[in-house]
1. If you stretched the chain out fully between LEU41 and ARG147, how much longer would it get, using 0.36 nm times the residue separation minus the C-alpha to C-alpha distance?
2. Tell me, what HN-Hα J-couplings in whole Hz come from the Karplus equation 6.51 cos²θ - 1.76 cosθ + 1.60 at θ = phi - 60° for each residue of the range 83-95, using x for Gly and Pro?
3. Expected output is a single nm value to one decimal: the length gained when fully extending between ALA139 and ARG81, i.e. 0.36 nm times separation in residues minus the C-alpha distance. What is it?
4. Expressed as a whole percentage, what fraction of the accessible surface of the range 105-148 belongs to carbon and sulfur atoms when a 1.4 Å probe is rolled over the protein heavy atoms?
5. Can you give the FRET efficiency for SER129 and LEU72, using 1/(1 + (r/R0)^6), R0 = 22 Å, r = Cβ-Cβ distance, to the nearest 0.05?
6. Say R0 is 41 Å: what FRET efficiency, to the nearest 0.05, do SER22 and ILE112 get from their beta-carbon distance?
7. Calculate, in nm to one decimal, what THR62 and HIS105 gain on full extension: separation in residues at 0.36 nm each, minus their alpha carbon distance.
8. Sorting LEU67, LEU54 by accessible area (1.4 Å probe), largest first, what list results?
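The values are calculated or read from the model by the stated rules, or taken from the named source; none is laboratory data. Remember, predicted model here, so these are calculated numbers, not experimental data. In this analysis, Cβ positions are derived from the backbone assuming ideal geometry, glycine residues included, and neighbour counts consider all displayed protein chains. For the accessible areas, the whole protein counts, side chains as well, though only heavy atoms, and no ligand, DNA or RNA atoms are used. Shrake-Rupley method; radii C 1.70, N 1.55, O 1.52, S 1.80 Å.
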Amino acid sequence: MAAEAPPHPTEKKSALQRLYASLVEGGARSLDAVREEFRSLVTIRRIDKPDSLLLSPEQKQTARENLKLLLLNARLNLLNRHEELFRQDLARVIESMQRIFDTEHHDVKAVIATIQSLQAQPLAQELPSLSESLAAVKAARAASEKRS
């Protein structure tokens, strides 16, 4: 029997290099497959208004209820003649609507315009003074005494 000669060091090295190259190539293919799978699962895009897209249906309902409460609070301030608080509540309503809803939608634009017109209306009414009321009562009394 002839003794087999040990493999030449360059042949051994090339076998190791081939093994290393196949491992690197397999790893690169695996990494590409994972990257493609991740891309199919996750979509990254720019959002100008992240709050509105991230709300669940329950959160959207809660946001609408909060808007109703802000409007109710503004109404109470209007009835109590707290003009500054009324305007602040309306400003918070507008800010919330701009944050939550699509401001390009025509219904949202109309609501915001209505609220802004309410905000611009003067609320202070000039009430008659007590002296004017007393003068009117005296004039009415004098007119009724002349008839009698």
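1. Additional length available on full extension: 28.8 nm.
2. 4, 5, 5, 4, 5, 5, 5, 5, 5, 5, 5, 4, 4
3. Numbers: separation 58, 0.36 × 58 = 20.88 nm, distance 3.16 nm.
So the chain would gain 17.7 nm between ALA139 and ARG81.
4. Details: 2260 of 3800 Å².
That share works out to 59 percent.
5. Working: r = 33 Å, r/R0 = 1.51.
It comes out at approximately 0.10.
6. On the way: r = 64 Å, r/R0 = 1.56.
With R0 = 41 Å, the Cβ-Cβ based efficiency is 0.05.
7. 13.4 nm
8. Details: LEU67 20, LEU54 130 Å².
Sorted by accessible area, descending: LEU54, LEU67.
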